[in-house]
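Notes for the one structure printed next.
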Amino acid sequence: MMNVPKRYSEMTKHELREEIGILKEKAVKAEQLGIVNEFDVLMRKIAMARAYMLDINAFQIGETYELIEEPGVLFTITYFNGVFAWGRKQNDTEEIGIPISLLQER
């Protein structure tokens, strides 16, 4: 039987921290080698793993938060799906989902 990797949702906080450490090492190597698409994928995985370490109750529907990766850009939550907050960026009509780890906690 193949060793199937655990989903982030099934990992303990300790396992998530270890996974983030491994992903960070890979991201540094990808960045040094100039492999931009690989770096971007690894950064998304890190954001997802971090999202599972946060308390979703720290975020509220209808509230507005600054986006960590886009300083000064605000995001208003309309609903949650797992560790994703769905809503809209300021001055934008398109609804998008982003991991809660990319929202600046208050």
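Relative to the dominant Cα principal axis of the chain, helix 13-33 is inclined by about 80°. Amide H to amide H, with H built 1.01 Å from N, Ala85 comes under 5 Å of Ile98, Ile100, counting only residues 5 or more places away or on other chains.
Sorted from fewest to most neighbouring beta carbons within 10 Å, what does the list Tyr79, Tyr52 look like?
Values: Tyr79 12, Tyr52 22.
Fewest-to-most ranking of Tyr79, Tyr52: Tyr79, Tyr52.
Each helix, a run of at least 4 DSSP H residues, gives -39500 (n - 2.57); summed and divided by the residues of the chain, these come to -12000 deg cm²/dmol at 222 nm.
Taking amide H as placed 1.01 Å from N in the peptide plane, Val73 has its amide H under 5 Å from the amide H of Leu67, each at least 5 places away in sequence or on another chain.
In debye, nearest 20: dipole of the range 8-51 around its Cα centre with unit charges on the Cβ of K, R (+) and D, E (-)? Working shown, then result.
Numbers: 8 positive and 8 negative charges, 25 e Å.
It comes to approximately 120 debye.
Under a Gaussian network description of the chain, with springs only between Cα atoms under 10 Å, the residue in Ile56, Ile35, Ile22 that fluctuates furthest is Ile35. For the range 77-82, backbone phi angles converted through the Karplus equation (6.51, -1.76, 1.60; θ = phi - 60°) give residue-by-residue couplings of 7, 9, 6, 10, 9, x Hz, Gly and Pro being listed as x.
Charge tally for Asp40 (other residues, Cβ to Cβ under 13 Å; Lys, Arg +1; Asp, Glu -1): 0. Sequentially through the range 87-93, phi angles give Karplus couplings (6.51, -1.76, 1.60; θ = phi - 60°) of x, 10, 6, 4, 6, 10, 9 Hz, Gly and Pro residues having no value and appearing as x. Which one of Thr93, Thr64, Thr78 has the biggest mean-square fluctuation once the chain is modelled by GNM with Cα springs under 10 Å? Its mean-square fluctuation being the largest, the pick is Thr93. The 3J(HN,Hα) values that the Karplus relation (6.51, -1.76, 1.60; θ = phi - 60°) gives for the range 35-43 are, in residue order, 8, 4, 5, 5, 4, 4, 4, 5, 5 Hz. Gly and Pro appear as x.
About the Cα centre of the range 55-106, how large is the charge dipole given +1 on each Lys and Arg Cβ and -1 on each Asp and Glu Cβ? Please answer in debye to the nearest 20. Could you put the intermediate results ahead of the total?
Details: 3 positive and 9 negative charges, 20 e Å.
Here the size comes out at about 100 debye.
Comparing Ala30, Ala47, Ala58 in a Gaussian network model of the chain (Cα springs below 10 Å), the most mobile by mean-square fluctuation is Ala58.
Between the residues Met48, Gly21, Leu67, the greatest Cα displacement towards the positive end of the dipole of the chain, with unit charges on the Cβ of Lys, Arg, Asp and Glu, is found for Gly21. Could you state, as a whole-number percent, how many of the C-alpha pairs of the chain are farther apart than 24 Å? In whole percent, the share of Cα-Cα pairs in the chain beyond 24 Å is 33.
Dividing the mean sequence gap of close Cα pairs (under 8 Å, 6+ apart) by how many residues the chain holds gives a relative contact order of 20 percent.
Based on alpha-carbon positions alone, could you give the equivalent ellipsoid semi-axes of the range 56-102 from the gyration tensor, as √(5λ), descending, whole Å?
Working: eigenvalues 44, 28, 18 Å².
Semi-axes (√(5λ), whole Å): 15, 12, 9.
Between Phe39, Leu102, Val4, the Cα set farthest toward the positive side of the dipole of the chain (charges on each charged residue's Cβ, about the Cα centre) is that of Val4.
Computed from the coordinates by the stated procedures, all read-outs in this text should not be read as laboratory data. Note that the structure is a prediction, hence the values are computed from the model and not measured. So basically every Cβ, Gly included, is an ideal-geometry build from the backbone, and we count neighbours across all protein chains shown.
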